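The values are calculated or read from the model by the stated rules, or taken from the named source; none is laboratory data. Computed from a prediction, not measured in an experiment: that's the story for all the values here. A quick note on method: Cβ atoms are made from the backbone with ideal geometry, for glycine too, and the neighbour counts reach across all protein chains shown.
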């Protein structure tokens, strides 16, 4: 998509550091006095920063601050940092201890923009900051004594997620995100090789900030009301920060509980060793619903290592690096379900995104004889936000018939139903009032041929013609014809117009718990080429109405 076609697209501030030796605009790293090198060639796809040992924290900054009105709200910032393997995983670099703190820095200003200094390294008045840090203390014990007095496990090292700053006191201190030892190595949480941060700005009075350690997970988010300072007027700083001063030994370690007071003459904490370099994977900005351009939710999966998606009921792995140009979702051989969609759109409001529009997904399922399915699951809500029903249209391959067919619901009554009812009860809703649900029935007549439905890859289309009429389609090649369903009028189900598609997700389900045939092998893969949103229709709006629905007996 051509960003220049949009008046103010915050995605233009994104940097993946994917051009070896290229410019890193609009980013810079400061202070210059403590930086000897910023390289995009040493490890292509990252920025590698080496320090000069002057004891000053290093920050990544945009060359210009972001005014609160520069881009439509809400928007979010996502960043990935790679932990230094020599320091954090191997303990190599110092015979005593390898202490590091890396993370996300945010400085918000509440001052009049007229008072903002031209020097990016100088803060305006009434500016407050928050840093979310991933911290490693001590050593593996193989090369040094480490810091056993703080260590919860058998090796003299500690991993933490820690907040600091005056912007959000409620977020300061230990976030209590655990890690564990597996064999002889720490693993998971803050002991993971990569840390992924998120900052979400919905308006001028507050923000969300979070962290995750796996691409497929949702971020652990914390929310802050900062209206006590007034209205946010700008984001003065946002980006990576690397601790190079004496904050770890002089401040942090004095706040930590001593877990092993019996330690004889415990080592004194020391400052970070300047021998260790820092690595930034990406710094990405994303517009969010309901103000983001509809097309901005599209994803070509063409940046290895970057996945701005949310996932539920996790698969074994979901990533964009094993098959470059594709999202690869790897499942284990078990009854399971997984649901996923772009993080920036959790619902599609038809007032914000009026029809006609469509989305298209292109994917390659597991090889036969494995069963497979892919469907779009969402709530159908009226303009008042009343939830009418779920609808799960998609495609399903059954190895017993060796047929792949359109389905309005890939799974029947199952153990999942009772769990859903329990969920309603725990959230103060009466399941009886939600039933009998209306089950939507879209019809293909004729059915698409098997050479289309079993094409590799297969393309699936979801169309919203207007606030009452929907249609699905499939095609087996990029230039082939669309096999389209009958146009379905949903107004009798809804009692009028659609208002919103809620809880939007692509889904995959497998196994007996979902009343589906077995046969899914270990490490079966779905590969996705793209998910594209278009605020128009690429297939014509011809067709006729088909109102086909029935009361759900479950």
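Which residue pairs have Cβ atoms under 6 Å apart, sit 6 or more places apart or on different chains, and have a first residue in the range 287-302 that is assigned to a loop (DSSP other than H, G, I, E, B) and a second that is surrounded by fewer than 19 Cβ atoms within 10 Å (Cβ to Cβ)?
Close Cβ pairs satisfying both conditions: 290/349; 290/352; 291/72; 300/530; 302/325.
Applying the selection to the range 500-538, what residues are part of a strand (DSSP E or B) and farther than 20 Å from residue 410 by Cα? Don't jump to the end; show me each part of the working.
Just the residues of the range 500-538 that are part of a strand (DSSP E or B), to begin with: 500-510, 524-534.
Within the range 500-538, 500, 529, 530, 531, 532, 533, 534 meet the criteria.
Determine whether residue 108 is closer than 23 Å to residue 17 by Cα and surrounded by 24 or more Cβ atoms within 10 Å (Cβ to Cβ).
No: the conditions fail for residue 108.
What are the residues in the range 122-151 that are more than 16 Å from residue 239 (Cβ to Cβ) and not in a loop (DSSP other than H, G, I, E, B), if any?
128, 135, 136, 137, 138, 148, 149, 150
Out of 166, 126, I need the residue that is surrounded by fewer than 15 Cβ atoms within 10 Å (Cβ to Cβ) and farther than 18 Å from residue 248 by Cα. Which one?
126
For (1) surrounded by fewer than 20 Cβ atoms within 10 Å (Cβ to Cβ); (2) farther than 30 Å from residue 293 by Cα; (3) outside the structural domain of residue 20 (by TED's automatic domain parsing), each residue gets a yes or a no:
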position	(1), (2), (3)
36	yes, yes, no
39	yes, yes, no
46	no, no, no
52	yes, yes, no
55	yes, yes, no
62	no, no, no
71	no, no, no
77	no, no, no
84	no, yes, no
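Would you mind stating whether residue 235 is part of a strand (DSSP E or B), touching a helix residue (DSSP H, G or I) at 6+ places or on another chain (Cβ under 9 Å) and in contact (Cβ under 8 Å) with a residue 40 or more places away in the chain?
It is false that residue 235 is part of a strand (DSSP E or B), touching a helix residue (DSSP H, G or I) at 6+ places or on another chain (Cβ under 9 Å) and in contact (Cβ under 8 Å) with a residue 40 or more places away in the chain.
Looking at residue 287, is it in contact with a helix residue (DSSP H, G or I) (Cβ under 7 Å, 6 or more places away or on another chain), closer than 26 Å to residue 9 by Cα and buried (at least 21 other Cβ atoms within 10 Å of the Cβ)?
Here the answer is yes, as residue 287 does meet what is asked.
Looking at the structure I just gave you, is residue 118 assigned by TED's automatic domain parsing to the domain that holds residue 205, over 30 Å from residue 256 (Cα atoms) and either touching a helix residue (DSSP H, G or I) at 6+ places or on another chain (Cβ under 7 Å) or surrounded by fewer than 23 Cβ atoms within 10 Å (Cβ to Cβ) (or both)?
Yes.
Please give the strands (runs of 3 or more DSSP E) falling wholly within the range 35-90 in which 2 or more residues are more than 30 Å from residue 206 (Cα to Cα).
35-39, 47-51
Quick one: which residue in 333, 337 is within 22 Å of the chain's Cα centre (by Cα) and either farther than 26 Å from residue 302 by Cβ or not assigned by TED's automatic domain parsing to the domain that holds residue 510 (or both)?
Every option except 337 fails the conditions.
Taking the options 224, 251, name whichever one is touching a helix residue (DSSP H, G or I) at 6+ places or on another chain (Cβ under 7 Å), closer than 30 Å to residue 117 by Cβ and either at pLDDT 95 or above or assigned by TED's automatic domain parsing to the domain that holds residue 99 (or both).
224
Restricting attention to the range 354-364, does a residue exist that is in contact (Cβ under 8 Å) with a residue 24 or more places away in the chain and under 20 Å from residue 521 (Cβ atoms)?
Checked against the condition, which is being in contact (Cβ under 8 Å) with a residue 24 or more places away in the chain and under 20 Å from residue 521 (Cβ atoms), the range 354-364 yields at least one hit.
Each row is one residue, and each column tells you yes or no for (1) modelled with pLDDT under 95; (2) on the phi < 0 side of the Ramachandran plot; (3) touching a strand residue (DSSP E or B) at 6+ places or on another chain (Cβ under 6 Å); (4) not assigned by TED's automatic domain parsing to the domain that holds residue 316.
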residue: 454; (1), (2), (3), (4): no, yes, yes, no
residue: 479; (1), (2), (3), (4): yes, yes, no, no
residue: 503; (1), (2), (3), (4): yes, no, yes, no
residue: 507; (1), (2), (3), (4): yes, yes, yes, no
residue: 535; (1), (2), (3), (4): yes, yes, yes, no
residue: 538; (1), (2), (3), (4): yes, yes, no, no
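Specify which of the listed residues (306, 316, 340, 363) is more than 30 Å from residue 135 (Cβ to Cβ), out of contact with any helix residue (DSSP H, G or I) (no Cβ under 9 Å at 6 or more places or on another chain) and at pLDDT below 95. Even if it seems obvious, please write down each step before you answer.
Numbers: 306 fails: more than 30 Å from residue 135 (Cβ to Cβ); 316 fails: more than 30 Å from residue 135 (Cβ to Cβ); 363 fails: at pLDDT below 95.
Matching residue, one of 306, 316, 340, 363: 340.
In the range 172-190, how many residues are touching a strand residue (DSSP E or B) at 6+ places or on another chain (Cβ under 6 Å), more than 18 Å from residue 240 (Cα to Cα) and part of a helix (DSSP H, G or I)?
0
Quick one: which of 119, 94 is farther than 22 Å from residue 32 by Cα and part of a loop (DSSP other than H, G, I, E, B)?
The match here is 94.
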